[in-house]
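The values are calculated or read from the model by the stated rules, or taken from the named source; none is laboratory data. If you're wondering where the values come from, they're calculated on a predicted model, not measured in any experiment. Using ideal geometry, Cβ is built from the backbone for each residue, glycine included, and neighbour counts are taken over all protein chains shown. Note: accessible area is taken over every heavy atom of the protein model, side chains too, but ligands, DNA and RNA are not part of it. Shrake-Rupley method; radii C 1.70, N 1.55, O 1.52, S 1.80 Å.
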Amino acid sequence: MTILVTGATGGYGAAALNELKTLVPQDEIFALARSEEKATALREQGFQVRIATYDDPAALEKAFAGIDRLLFVSSSEVGSRKTQHQHVVDAAKNAGVSYIAYTSFNKADTSTSPLAEEHAYTEKAILASGITHTFLRNNWYMENDLPLIEAALKTGKLVHAGGDGKAGWVLRSELAKLGARAVSGKFDFPSILEAGNPLITYKQLAEVVESVTGAKLEVVDADVATASQFLQDNAGLPQDFADMIAGSQSVVKSGSLAVEPSDIEQYLGRPFVTIKESLQQLLGK
């Protein structure tokens with residue numbers, strides 16, 4: 001059996017590779033990097049590396065040659081994903097890949113969130129390919145809101161654009177471990193898995209931050225522009241990045257992430273690390 005992890009130099013991909021080598025022999029694991037330069041560190045860690053970008057169908061098909069199972073980490077290039085992801089799926093089919101675990105979005109097939117559209121397209125492409133699959137419909141990375149939390153601890157205010165919306169924040173490394181188990185072939189995974197922690201609001205998240213740090217926070221429910229300005233002023237973020245994070249908070253407000261999770265313990269072998277424990281790890285508490 002051979003397994004390939006795409007996005008191998010990113011946070012999710014790197015964590016998935018580290019988990020995979022505890023589950024299968026490392027000589028069965030391949031990593032996809034975008035360049036020889038990016039491949040160096042992976043090779044130093046003992047991984048076999050294939051080189052391709054999502055924009056190069058021929059290179060992808062060459063990279064997938066001889067691969068049985070694929071952990072397909074979605075592109076970070078929002079707006080370009082449909083074309084890029086179609087290239088990945090077509091290359092996987094042409095190369096004879098037998099299984100794909102794809103990092104998707106909660107309820108991607110029915111969600112009205114703008115973030116879901118490209119994931120829904122990709123899920124349809126995988127279905128059309130006929131390749132056996134698991135759609136890992138991941139909730140919100142806790143790391144996404146770390147700049148907000150750090151700014152809140154700095155100022156005593158947590159200014160957000162999430163309203164009363166709920167999310168099931170999870171550490172990226174936890175979701176990566178789930179993905180590694182899915183693609184390992186050692187466990188029975190369903191075709192769709194809604195992955196997240198129990199749902200809470202930003203106000204409840206602030207309460208968890210208070211319990212972890214001992215800080216007292218004023219929670220301010222604001223619009224996207226105000227939430228972005230707060231991050232620019234207090235987290236040192238450039239406007240485009242702050243706008244993206246604040247815009248993501250509005251996705252939470254819309255209810256798109258208020259999706260009850262599947263029984264994660266059945267597939268991970270334990271529950272996800274809790275939101276409180278996640279914050280303790282990220283904040284060094």
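So the values come out like this:
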read-out: Residue check for Asp68: surrounded by fewer than 22 Cβ atoms within 10 Å (Cβ to Cβ), more than 22 Å from the chain's Cα centre (by Cα) and not small (Gly, Ala, Ser); value: yes
read-out: Qualifying residue in the stretch 25-37 (condition: under 21 Å from Leu136 (Cβ atoms) and surrounded by fewer than 20 Cβ atoms within 10 Å (Cβ to Cβ)); value: yes
read-out: Residue count for the stretch 104-124, restricted to those that are polar (S, T, N, Q) and within 14 Å of Gln84 (Cα to Cα); value: 1
read-out: Test result for Val97, modelled with pLDDT of 95 or more and assigned to a loop (DSSP other than H, G, I, E, B); value: yes
read-out: Test for Phe272: is it open to solvent by 60 Å² or more (accessible area, probe 1.4 Å) and among the aromatic types (Phe, Trp, Tyr); value: no
read-out: Search result, residues across the stretch 104-120 that are open to solvent by 80 Å² or more (accessible area, probe 1.4 Å), under 22 Å from Ser76 (Cβ atoms) and either in a helix (DSSP H, G or I) or among the β-branched types (Val, Ile, Thr) (or both); value: Glu117
read-out: Set Thr2, Thr53: member being of a type in the set (Val, Ile, Thr), out of contact with any strand residue (DSSP E or B) (no Cβ under 6 Å at 6 or more places or on another chain) and free of Cβ contacts under 8 Å to residues at least 60 places away in the same chain; value: Thr53
